[in-house]
Amino acid sequence: MDYKQFLERKKIMVTASGFDINAEELNEKLFDFQKDIVKWALKKGRAAIFADCGLGKTPMQLEWSNQVHKKDNLPILILAPLAVAHQTVSEGDKFNIKVNYAENQSQIINGINITNYEKLHHFDASKFNGIVLDESSILKSYSGKTRNTIIESFNKTNYRLACTATPSPNDFTELGNHSEFLGVQTRAEMLSMFFINDTANVGTWRLKGHAEKEYWKWVSNWSIMLTNPRDLGYNQVGYDLPEIQFIQHTVEVEQNLNGQLFKQLAQTLEERRDARKISLTQRVNKCKEIVNQDKDAQWLIWCDYNAESELLSKEIDNSTEVTGSQKDDEKSSRMLGFAKGEVQILVSKSKIAGFGLNFQKCHNIIYCGLSDSYESFYQSVRRCYRFGQENKVKVHIVISDLEGNIIENIKRKERDAIKMQKEMIAQLQLFEIKQLRGHMDSSMEYKQNVIETEQYKAILGDSVEEIKRIQTDSIHYQLFSPPFASLFTFSNSVRDLSNTKTIKEFMDQYKFLAEEQYRISMPGRLLSFHVMNLPSTITSDGFIGIKDLRGDLIRLYQEEGFIFHSEVVIWKDPKLQAVRTKTLSLAHKQIIKDSARCSQGFPDYIITMRKPGENPEPVSKTNGFEKYIGEMENPKNKKNDNPAKNKYSQDVWERYASPVWTDIRQTRTLNVRSARENGDERHMTPTQLDVVERCIELWTNPNDTVFSPFMGIGSEGYGAILQGRKFIGIELKESYFNVAVKNLENATQEKEVKTFFD
């Protein structure tokens, strides 16, 4: 393929794999916003619906399944939590859609089938044309067995739909797992493209500043996210939540924690658990007292421990307990009975009955103690507090005086979650509306400019395209620092070589440039690139080690015809690297824990390639060169005008010829701060000026032309101009280009002043 075709393929827009349908053909009982979402999901073929509780995920997924079955007349499977499956069968009856509950493959019909996640191993995934994940937040756990089984089992299924409540705004793992299930991108690819492994907090991932817009645009290509129809521009009535009231009940206990002399609040997780054990009887009695104040009402009582569940069901009349040890049929029957109003008081844990079920007939909730999980709290409240609830919801929280004021902490977490959720929806809103109404705009902003003087030519644009304007066999020397694959991503442009998902994609794009670099290089002359190898990670590569970027680039240039000419290792301080990168293998504690996991720091390399052929303009070094480097390295030798007697010059040459340069000043670089944009991430410093000056002095003549296809802020050009060479540089990013021009102009003025005084 040519370069333009490559860029089109590289775009991260998701290709639709479904089919079109008229909204009039969809179930007439669906609201307009639900019809539009189903129509969009059918066209996508593989999509996610992130809709808050009560927005109709069940009828939407049923109609989606119905239309997919009609198209190809092949069976569809819906996976759902326990009891939700039977609730979905009943919901299907309301919308005139037949849903068959099956416990194994032999019970499957050629239509819409539903089963529990726990029974997935009884089915052959290859027999289904479509798969729906109800409460697909089950994919949240990255290493979860169920998550991996689902993704692997249905990775070839034609049609896929994931439905769950709006994900946590800062839980990017959940979105990555959904993307992987739908076959859009793997979680590792998503992280590499849009995120940075935050070295300030090892193990966490942070959205790259400049990638924020493109990330949410990408998410909106395969998902619809809404907390209210108004998020998508629909004025649907009936979607306003009722009032909710949180009431804290604090019970006093006489026993102190861990035999303490004075009563102190529980701080650690272990202390909070101890406080729950100490206050068990008092909390259960308080729950009983609250229920007895309104014996005729329905009550939903949540707990976290078996002892709490057992004592609550024993002490509270008319209560029904749902536990993990009960058979699935029994658990399902009791939960559905409560949903229908047949069971008056339900006692259970949120991890058993807190997801997916509709308990909106009930508006009285009691927490007999509270865990640290806000998500668990939010989901369990939402079983009752959802669109369609007609009464004020009262949430009673019973805790001991050893646990402090829990309500304020809950409200704080709730405010934070709502704020982040609104920000996330706002990011997606415009893109989602475009998705529902028409096509996404996939254009990328691309600017071009040229500033040329007698000393330099600075080009704003794509190196692969702009290099074609340079004359064949005209460049004396090429010196540059290419992007280190996706280790540092500088922009969201598909033209940006650093904006790649994998090493292979990086090398495929690089090849277009290397071909042209060979063409423009003068025969017998050199090309040098500054590079380092890359650390591999479990997330991106499946192992911890080193990726040989240095070797990959050498082989790439050899394939284009260059000869591997020489190599220099530039020493770097491992202690500084350990502090800056937080690399575990460089940590001092690792040598004590397991020295087999210790490694050396990453050096820089200057790799030099030579174009075959006879050099028409030999780079001749006279005694003047020896004098120059002697003065540069040791100003005390300035008065020694006799090169023949200048033994220090020989010492300098020996250091230059050394395969390891230990005398490079790491901090002697041009200032990058002025080139930074608001969305930029931390990135490597420019090539050290010591390296630039040494390479140019060694391998070029005065008035030679030095070229860099990755000009950055102009380090190579700055050094070239000061040493009496001419420079051509190409830079894609406008902010870097503007600073590079200033640096090139500064070098020109410094050179003129120096020449005047000479």
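One residue stands out among those in region 184-205 that are in a loop (DSSP other than H, G, I, E, B) and touching a helix residue (DSSP H, G or I) at 6+ places or on another chain (Cβ under 9 Å): the one that is modelled with the highest pLDDT, which is VAL184.
Can you tell me which residue is surrounded by the most Cβ atoms within 10 Å (Cβ to Cβ) among those in region 536-594 that are among the basic types (Lys, Arg) and at pLDDT below 70? Quick ask: steps written out before the conclusion?
Pass one, region 536-594, residues among the basic types (Lys, Arg): 547, 550, 555, 572, 575, 580, 582, 589, 593.
Remaining after also requiring at pLDDT below 70: 580, 582.
Values: ARG580: 12, LYS582: 16.
In this case the residue turns out to be LYS582.
For GLU8, the requirement of being surrounded by fewer than 22 Cβ atoms within 10 Å (Cβ to Cβ), in contact with a helix residue (DSSP H, G or I) (Cβ under 9 Å, 6 or more places away or on another chain) and either modelled with pLDDT under 95 or not assigned by TED's automatic domain parsing to the domain that holds LYS213 (or both) is not met. The residues of region 705-731 that are surrounded by fewer than 24 Cβ atoms within 10 Å (Cβ to Cβ) and either outside the structural domain of VAL692 (by TED's automatic domain parsing) or of a type in the set (A, V, I, L, M) (or both) amount to a single one, LEU722.
Within region 322-344, the set of residues being charged (D, E, K, R), modelled with pLDDT of 90 or more and surrounded by fewer than 19 Cβ atoms within 10 Å (Cβ to Cβ) comprises LYS327, GLU330, LYS340, GLU342. Applying the criterion of being of a type in the set (Asp, Glu) and assigned to a loop (DSSP other than H, G, I, E, B) to the residues of region 365-413, the residue that is modelled with the lowest pLDDT is ASP372.
Taken across region 723-741, residues that are under 16 Å from GLU454 (Cβ atoms) and among the hydroxyl-bearing types (Ser, Thr, Tyr) do not occur at all. The condition of being buried (at least 20 other Cβ atoms within 10 Å of the Cβ) and not aromatic (Phe, Trp, Tyr) holds for only one of ILE407, ILE418, ILE365, that being ILE365.
Condition check ((1) at pLDDT 90 or above; (2) loosely packed, with under 14 Cβ neighbours inside 10 Å) across all residues:
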position	(1), (2)
HIS249	yes, no
GLN264	no, yes
GLN267	no, yes
GLU289	yes, yes
GLN298	yes, no
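Scanning region 45-103 for residues that are out of contact with any Lys or Arg (no Cβ under 7 Å at 6 or more places or on another chain) and of a type in the set (D, E, K, R) returns ASP52, LYS57, GLU63, LYS70, LYS71, ASP72, GLU91, ASP93, LYS94, LYS98. Kindly provide the set of residues from region 75-90 that are assigned to a helix (DSSP H, G or I), in contact (Cβ under 8 Å) with a residue 40 or more places away in the chain and farther than 18 Å from GLN105 by Cα, ordered by number. The answer is VAL84, GLN87, THR88.
The values are calculated or read from the model by the stated rules, or taken from the named source; none is laboratory data. Nothing here was measured: the structure is a model prediction, and the numbers come from that model. Please note: Cβ atoms are built from the backbone with ideal geometry, for glycine as well, and neighbour counts cover all protein chains shown.
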